Amino acid sequence: MGSLASLHSICSIRGCFVKYQDEVKNSMVKKHCIRASVATSTPQNFQIEENKAQKLEKLRIGVLGASGYTGSEIIRLLANHPNYQITLMTADRKAGQSIGSVFPHLVKQDLPDMVAVKDADFSTVDAVFCCLPHGTTQEIIKSLPSSLKIVDLSADFRLRDVNEYKEWYGQPHSAQELQKEAVYGLTEISRTEIKSARLVANPGCYPTSIQLPLIPLIKANLIQVKNIIIDSKSGVSGAGRGAKEANLYTEIAEGIHSYGVTRHRHVPEIEQGLSEAVKSKVTVSFTPHLMPMSRGMQSTIYVEMASGASIEDLRQHLGQFYEKEEFVVLLEKGQVPHTRHVRGSNYCLINVFPDRIPGRAIIISVIDNLVKGASGQALQNLNLMMGIPENTGLLSPPLFP
Ligand SMILES: NC(=O)C1=CN([C@@H]2O[C@H](COP(=O)(O)OP(=O)(O)OC[C@H]3O[C@@H](n4cnc5c(N)ncnc54)[C@H](OP(=O)(O)O)[C@@H]3O)[C@@H](O)[C@H]2O)C=CC1
Ligand SMILES: CC(=O)N[C@@H](CCC(=O)OP(=O)(O)O)C(=O)O
């Protein structure tokens, strides 16, 4: 209870702590109160009382887009989170259904049924994870109460320049004021800004795997900003759960293919992050590939080292930069990062190798696209925004093999 007490004081200051009066409005907690009201003094009932007390002290979370891949991953990650309780879940085609009927692996979670966004009662939540398609997201977020903390997993608030958004996403931005407020949530790089943000634009999966190794190196002038070539590979869950011909088993299995060649919409996001790091325009060659695996992402990045810099300098700098980080890890010299080493975890594993061509380096970075590339980083960000230890709920090691 010590940590809950300190959480109480932190969150009371932020004015977002769950109060009993608010809680009884919530049907899910009501259910627990009814169960608890029949309690007498048996050990089982004691447990119910304890559960009730804990639920009353938790922050209330909404998951918009709970029937999708990133939404379900948030639910999985929150299952053992001590400070959060999901009180609202939305879906579109699957509105009205229970989570167990859509995702049998979540059947034992005690959760409210999913509702359409238009029927959602946002007074029952303190914060939301927005796991919706881009475009739709900005329309929905702009109608949410301004008191809500929001972590948006879509691309809608990532690009600072709304003209660039229009160019790459093919539609004008319809929530430009909110866009100005949004903080880009690459946690290890923008921690201070994220802590005080109300709206965090969670980075895309490719940009996460690419910027985490590159930003420290370009900031330290250890690599040249010209001729950066990025070859990335993603598991198919990166494309979401919606049915698309291009994602059929027969189109994906037993082969790989590039897509979005020269025009993938993550290009401006990657270039924005790198350009801000060095305060001058950086352009990159970026080609993503679809791999016959459900989750995982690798970025292999070819760079020219700065004059006089060595592979050891690059490794040493990355090692120091991420030394105290929980989730971004430089592997031992020569160790090759594999996507199977991060499956289901919030890790980003990185290593640097000498190219055969003198003066060049090859950087390899792997993440789970659904965790560090989406829901894990989103949870890391919400923890920061709520004054909760950043790694809470994220410490399970990867699934292996
Ligand atoms: N998948 C990944 O690896 C990553 C995804 N992202 C981004 O996160 C967001 C969610 O992605 P993901 O979970 O993969 O997507 P999914 O397609 O798996 O899920 C989309 C969710 O949004 C709901 N939805 C769709 N259209 C509407 C609408 N018009 N109104 C309200 N709800 C709607 C769907 O409901 P229903 O199922 O009921 O139709 C579903 O719950 C996207 O913006 C994506 O680009 C970011 C990083 C990585
Ligand atoms: C395999 C696959 O299709 N991946 C997605 C990227 C997933 C992601 O990060 O998308 P957002 O930018 O919308 O958040 C794509 O290439 O569009």
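The values are calculated or read from the model by the stated rules, or taken from the named source; none is laboratory data. Since we're looking at a predicted model, the values are computed, not measured. Every residue, glycine among them, receives a Cβ derived from its backbone with ideal geometry; neighbour counts consider all protein chains shown.
Go through the residues of region 120-128 one by one and say whether even a single one is farther than 24 Å from L384 by Cβ and within 13 Å of ligand 1 (Cβ to nearest atom). Steps first, answer last, please.
Step one: filter region 120-128 for residues farther than 24 Å from L384 by Cβ, giving 120-121, 123.
Within this subset, residues satisfying the condition of being within 13 Å of ligand 1 (Cβ to nearest atom) are 120.
Within region 120-128, one or more residues are farther than 24 Å from L384 by Cβ and within 13 Å of ligand 1 (Cβ to nearest atom).
Go through region 137-164 and count every residue that is touching a residue at least 12 places away in the same chain (Cβ under 8 Å), more than 19 Å from S196 (Cα to Cα) and outside any loop (DSSP other than H, G, I, E, B).
Matching residues across region 137-164 total 6.
Of the residues K281, K233, which single one is within 16 Å of ligand 1 (Cβ to nearest atom) and either assigned to a strand (DSSP E or B) or more than 22 Å from the chain's Cα centre (by Cα) (or both)? Talk me through it step by step, then tell me what you get.
Working: K281 fails: within 16 Å of ligand 1 (Cβ to nearest atom).
Criteria check complete, one pass: K233.
Would you pick out the residues in region 160-188 that are under 18 Å from H266 (Cβ atoms) and among the small types (G, A, S)?
G170, A182, G185
Given (1) within 19 Å of I388 (Cα to Cα); (2) surrounded by 16 or more Cβ atoms within 10 Å (Cβ to Cβ), where does N80 come up short, assuming only one miss?
(2)
Consider region 179-190. How many of its residues are under 26 Å from Y69 (Cα atoms) and either in contact with a strand residue (DSSP E or B) (Cβ under 6 Å, 6 or more places away or on another chain) or more than 16 Å from ligand 1 (Cβ to nearest atom) (or both)? Quick ask: steps written out before the conclusion?
Initial filter on region 179-190 (under 26 Å from Y69 (Cα atoms)): 179, 182-190.
Restricting the remaining residues to those that are either in contact with a strand residue (DSSP E or B) (Cβ under 6 Å, 6 or more places away or on another chain) or more than 16 Å from ligand 1 (Cβ to nearest atom) (or both) gives 182-185, 188-190.
Qualifying residue count, region 179-190: 7.
Residue by residue, here is whether (1) surrounded by 16 or more Cβ atoms within 10 Å (Cβ to Cβ); (2) more than 16 Å from ligand 2 (Cβ to nearest atom) holds:
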residue: A182; (1), (2): yes, no
residue: S190; (1), (2): yes, yes
residue: A201; (1), (2): yes, no
residue: L214; (1), (2): yes, yes
residue: N221; (1), (2): no, yes
residue: K226; (1), (2): no, yes
residue: G240; (1), (2): no, no
residue: E251; (1), (2): no, no
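Please verify whether region 112-124 includes one or more residues that are free of Cβ contacts under 8 Å to residues at least 40 places away in the same chain, assigned to a helix (DSSP H, G or I) and away from ligand 2 (no atom under 16 Å from the Cβ).
Taking region 112-124 as the starting set, the residues that turn out to be free of Cβ contacts under 8 Å to residues at least 40 places away in the same chain are 113, 115-116, 118-119, 121.
After this cut, where a residue has to be assigned to a helix (DSSP H, G or I) as well, the list is 118-119.
So of that shortlist, the ones also away from ligand 2 (no atom under 16 Å from the Cβ) come out as 118-119.
Looking for residues that are free of Cβ contacts under 8 Å to residues at least 40 places away in the same chain, assigned to a helix (DSSP H, G or I) and away from ligand 2 (no atom under 16 Å from the Cβ), one finds at least one in region 112-124, hence yes.
Residues are listed down the side, and each one gets a yes or a no for (1) surrounded by fewer than 18 Cβ atoms within 10 Å (Cβ to Cβ); (2) within 16 Å of ligand 2 (Cβ to nearest atom); (3) of a type outside the set (A, V, I, L, M, F, W, C):
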position	(1), (2), (3)
N247	yes, yes, yes
Y259	yes, yes, yes
A277	no, no, no
S294	yes, yes, yes
S299	no, yes, yes
A309	no, no, no
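Any chance region 370-377 includes a residue that's over 22 Å from the mean Cα position of the chain (by Cα) and either away from ligand 1 (no atom under 15 Å from the Cβ) or assigned to a loop (DSSP other than H, G, I, E, B) (or both)? Before you say what the answer is, go through the steps one by one.
Taking region 370-377 first, the residues over 22 Å from the mean Cα position of the chain (by Cα) are none.
The answer is no, given that none of the residues of region 370-377 is over 22 Å from the mean Cα position of the chain (by Cα) and either away from ligand 1 (no atom under 15 Å from the Cβ) or assigned to a loop (DSSP other than H, G, I, E, B) (or both).
In region 291-312, is there at least one residue being of a type in the set (K, R) and closer than 23 Å to N381 by Cβ?
Taking region 291-312 as the starting set, the residues that turn out to be of a type in the set (K, R) are 295.
Now narrow it down to the ones that are closer than 23 Å to N381 by Cβ: 295.
The answer is yes; a qualifying residue exists.
Would you tally the residues in region 155-178 being out of contact with any helix residue (DSSP H, G or I) (no Cβ under 6 Å at 6 or more places or on another chain) and surrounded by 15 or more Cβ atoms within 10 Å (Cβ to Cβ)? Walk me through it before giving the result.
Within region 155-178, the first condition is being out of contact with any helix residue (DSSP H, G or I) (no Cβ under 6 Å at 6 or more places or on another chain), and the residues that meet it are 155, 160-161, 163, 165-167, 169-171, 177-178.
Adding the requirement that they be surrounded by 15 or more Cβ atoms within 10 Å (Cβ to Cβ) leaves 155, 160, 165, 169, 178.
Residues flagged as out of contact with any helix residue (DSSP H, G or I) (no Cβ under 6 Å at 6 or more places or on another chain) and surrounded by 15 or more Cβ atoms within 10 Å (Cβ to Cβ) within region 155-178 amount to 5.
So, in region 253-274, how many residues would count as being assigned to a helix (DSSP H, G or I) and more than 25 Å from G135 (Cβ to Cβ)?
1
Could you please tell me which pairs satisfy a Cβ distance under 9 Å, a separation of 6+ or placement on different chains, a first residue in region 88-100 that is closer than 17 Å to C130 by Cα and in contact (Cβ under 8 Å) with a residue 40 or more places away in the chain, and a second residue that is of a type in the set (F, W, Y) and not in a loop (DSSP other than H, G, I, E, B)?
From residues that are closer than 17 Å to C130 by Cα and in contact (Cβ under 8 Å) with a residue 40 or more places away in the chain, the pairs are L88/F122.
Return only the number of the condition from (1) in contact with a helix residue (DSSP H, G or I) (Cβ under 7 Å, 6 or more places away or on another chain); (2) over 20 Å from C348 (Cα atoms) that F286 does not satisfy.
Of the numbered conditions (1) in contact with a helix residue (DSSP H, G or I) (Cβ under 7 Å, 6 or more places away or on another chain); (2) over 20 Å from C348 (Cα atoms), the odd one out for F286 is (2).
May I ask you to say which residue of E245, E269, E254 is under 30 Å from A220 (Cβ atoms) and not basic (K, R)?
After applying the criteria, what remains is E269.
If N351 passes every condition in (1) in a strand (DSSP E or B); (2) under 15 Å from the mean Cα position of the chain (by Cα) but one, which one does it miss?
Result: N351 passes all but (2).
For region 64-80, what are the residues that are more than 16 Å from ligand 2 (Cβ to nearest atom) and modelled with pLDDT of 95 or more?
Of region 64-80, the ones more than 16 Å from ligand 2 (Cβ to nearest atom) are 66-67, 75-80.
Of everything in region 64-80, those that are more than 16 Å from ligand 2 (Cβ to nearest atom) and modelled with pLDDT of 95 or more turn out to be A66, S67, I75, R76, L77, L78, A79.
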